[in-house]
C-alpha cells in the first residue's frame, strides 16, 4: 500500500497551485493612470479634445499620457510607434525649434528590450506650441518611459498591446 506523507502532499499541492496559476499568465503592468492633471498647461485641451490623454509631470516638464495607460501605437509593422507631446514652461518654439529633449524606454519584464526617440521637433497651432517626438517599441509589454529636458525628468509606465 502506498503511504503519502501529509506534509509532502501539502507542499506538492501548493507548488502545483502556484505553477498552474502562472502558466500562460502575463506579468502585471502597473501603468501610470492620472485622473486629474496638476500641470497648468495654458492650452491643455487643444491637442486632445476627446480627453483620451492627460498632462502628467510638472511645470518644468510634462507629457501627454493615455488616461487608461494603454499605448495607442500603430501596430507591429510600425514598431508600435506613436507621437509623444511634451510641454515645459522653460521651452520656447522661437528660441529652440528642435528641443534638447531625450526620451528612453525600457521593458520592465525584459531588461534587454530598450528603445529611444531618434529626434525631437515641435508642433504648433492657434494658441499652442509643444515639443514633439516619436517613439517605437521592439515588442509589446510593460514599458517605462523616461524623458529628460534640461534639468527636468518625467517618467511614466504604459502597456503596449500587440494589435
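The values are calculated or read from the model by the stated rules, or taken from the named source; none is laboratory data. Keep in mind that what you see is a predicted model, and the values were worked out from it rather than measured. All Cβ positions, glycine included, derive from the backbone under ideal geometry; neighbour counts span all protein chains shown.
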Positions within segment 69-92 being surrounded by fewer than 17 Cβ atoms within 10 Å (Cβ to Cβ) and assigned to a strand (DSSP E or B), in sequence order: 70, 83
Residue within segment 130-151 that is closer than 24 Å to residue 30 by Cα and out of contact with any strand residue (DSSP E or B) (no Cβ under 9 Å at 6 or more places or on another chain) present: no
Residues that are surrounded by fewer than 17 Cβ atoms within 10 Å (Cβ to Cβ), part of a loop (DSSP other than H, G, I, E, B) and in contact (Cβ under 8 Å) with a residue 24 or more places away in the chain, drawn from segment 93-108: 93, 97, 98, 100, 108
Candidate set from segment 133-158 (those that are in contact (Cβ under 8 Å) with a residue 60 or more places away in the chain and outside any strand (DSSP E or B)); member that is surrounded by the most Cβ atoms within 10 Å (Cβ to Cβ): 137
Residue within segment 109-132 that is under 14 Å from the mean Cα position of the chain (by Cα), surrounded by 16 or more Cβ atoms within 10 Å (Cβ to Cβ), modelled with pLDDT of 95 or more and in a strand (DSSP E or B) present: yes
